[in-house]
Amino acid sequence: MDHLRFKFSIGAALGAVVLQVAAAEPRGVEPQLLDAAREVLDTRADREGWLEPQFEVVLQRPRTPLLPCRKPLAIEPVDTRQASRLRLAARCPDAEGWEQTFTLKATVSAKVAIAATAVPSGKALSDADVATERRDITSLPDAISDPATAVGQSSRRALRSGDVLRAAWLSAPVLVKRGDSVRIVAQRDGITVTVAGEAQESGARGAVVRVRNSGNGKVIRARVVDEGTVQPADL
């Protein structure tokens with residue numbers, strides 16, 4: 001960075017010609033690797049729905065010095081499962097080119113759902129129990145971003161105020177239990193038909209379970225939509 005600042009200060013003193021020459025020089029190996037790592041993290045952030053993510057990425061220095069490359073690197077991901085240890089393969093297309101695998105370490109923060117208060121194990125979370133806050137989620141890949149996703153779910157463990165809510169800790173409450181009497185609600189073209197049924201399986205909201213129609217004895221696949229209420233899954 002000192003070298004780059006030196007070029008900039010000389011350019012400011014001598015005019016635009018020197019600045020144009022400096023800008024035409026190829027970018028270094030390290031900046032290209034850092035940009036590639038950030039692109040990997042940007043893609044993951046979009047896929048996971050992270051809210052306002054921020055990344056800090058550093059290159060783990062290899063044992064041998066970084067070799068220069070006059071042309072843009074060809075960079076491919078090798079292992080990007082853990083943000084704290086991204087492995088990228090780089091190939092220099094120069095005539096005397098080289099290939100090398102690099103390790104980069106990233107720190108990721110984002111706005112996530114947290115427990116706004118202490119919550120005992122098994123209690124369904126309410127709006128008042130959930131808040132959002134920026135946290136380091138580098139080692140929390142299943143941190144919940146949308147607070148609305150957590151509301152209504154129960155924690156498998158006691159939560160302390162400020163705990164980051166993780167998908168592995170939460171479970172949707174069972175709204176239909178095997179043997180329960182349920183309402184089968186079918187809607188089509190503005191017409192709603194409701195018949196009685198009996199659940200053959202237990203399920204949380206959104207789960208597809210088998211339900212026996214009490215009127216004709218037929219067993220259908222139905223989606224749980226509320227406590228004691230299902231909809232035919234095939235409609």
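The values are calculated or read from the model by the stated rules, or taken from the named source; none is laboratory data. Here the structure is a predicted model, which is why all the values come from computation and not from measurement. In this analysis, Cβ positions are derived from the backbone assuming ideal geometry, glycine residues included, and neighbour counts consider all displayed protein chains. Remember, those area values only see protein heavy atoms, side chains included, never the ligands or the DNA or RNA. Shrake-Rupley method; radii C 1.70, N 1.55, O 1.52, S 1.80 Å.
Tabulated values for the structure
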quantity: Given (1) within 15 Å of GLN153 (Cα to Cα); (2) among the β-branched types (Val, Ile, Thr); (3) open to solvent by 70 Å² or more (accessible area, probe 1.4 Å), number of the condition THR132 does not satisfy; calculated: (1)
quantity: Residue in region 137-146 that is at pLDDT 95 or above and open to solvent by 70 Å² or more (accessible area, probe 1.4 Å) present; calculated: no
quantity: Unique residue being of a type outside the set (Asp, Glu) and touching a residue at least 60 places away in the same chain (Cβ under 8 Å) when the list is SER154, SER145, SER171, SER181; calculated: SER145
quantity: Residue selected from region 221-235 under the condition part of a strand (DSSP E or B) and open to solvent by less than 60 Å² (accessible area, probe 1.4 Å), by the criterion modelled with the lowest pLDDT; calculated: VAL225
quantity: Residues within region 61-80 that are open to solvent by 70 Å² or more (accessible area, probe 1.4 Å), over 14 Å from GLN32 (Cα atoms) and over 21 Å from the mean Cα position of the chain (by Cα), tallied; calculated: 4
quantity: Options ALA106, ALA83: the member that is of a type outside the set (Val, Ile, Thr), assigned to a loop (DSSP other than H, G, I, E, B) and under 16 Å from the mean Cα position of the chain (by Cα); calculated: ALA83
quantity: Subset of region 207-220 that is in a strand (DSSP E or B) and within 31 Å of the chain's Cα centre (by Cα) - its residue that is surrounded by the most Cβ atoms within 10 Å (Cβ to Cβ); calculated: VAL209
quantity: Filter pass, VAL224 being among the hydrophobic types (A, V, I, L, M, F, W, C) and under 28 Å from the mean Cα position of the chain (by Cα); calculated: yes
quantity: Checking ARG157 against (1) more than 30 Å from GLN32 (Cα to Cα); (2) under 24 Å from the mean Cα position of the chain (by Cα); (3) buried (at least 16 other Cβ atoms within 10 Å of the Cβ), the condition it does not meet; calculated: (3)
quantity: Filtered residue count, region 39-59, keeping only those that are open to solvent by less than 90 Å² (accessible area, probe 1.4 Å) and in contact (Cβ under 8 Å) with a residue 24 or more places away in the chain; calculated: 13
quantity: Residue that is nearest to GLY152 (Cα to Cα) [pool: residues in region 183-206 that are in contact with a Lys or Arg (Cβ under 8 Å, 6 or more places away or on another chain) and of a type outside the set (S, T, N, Q)]; calculated: GLY206
quantity: In region 26-35, the residues that are under 13 Å from THR101 (Cα atoms), surrounded by 15 or more Cβ atoms within 10 Å (Cβ to Cβ) and without any contact (Cβ under 8 Å) to a residue 60 or more places away in the chain; calculated: none
quantity: Subset tally (residues that are open to solvent by 80 Å² or more (accessible area, probe 1.4 Å), in a loop (DSSP other than H, G, I, E, B) and touching an Asp or Glu at 6+ places or on another chain (Cβ under 9 Å)) for region 178-206; calculated: 2
quantity: Which listed residue is more than 18 Å from SER161 (Cα to Cα) and not hydrophobic (A, V, I, L, M, F, W, C), from LYS123, LYS111, LYS105; calculated: LYS105
quantity: In region 176-202, the residues that are modelled with pLDDT of 90 or more and of a type in the set (Gly, Ala, Ser); calculated: GLY179, SER181, ALA186, ALA196, GLY197, ALA199, SER202
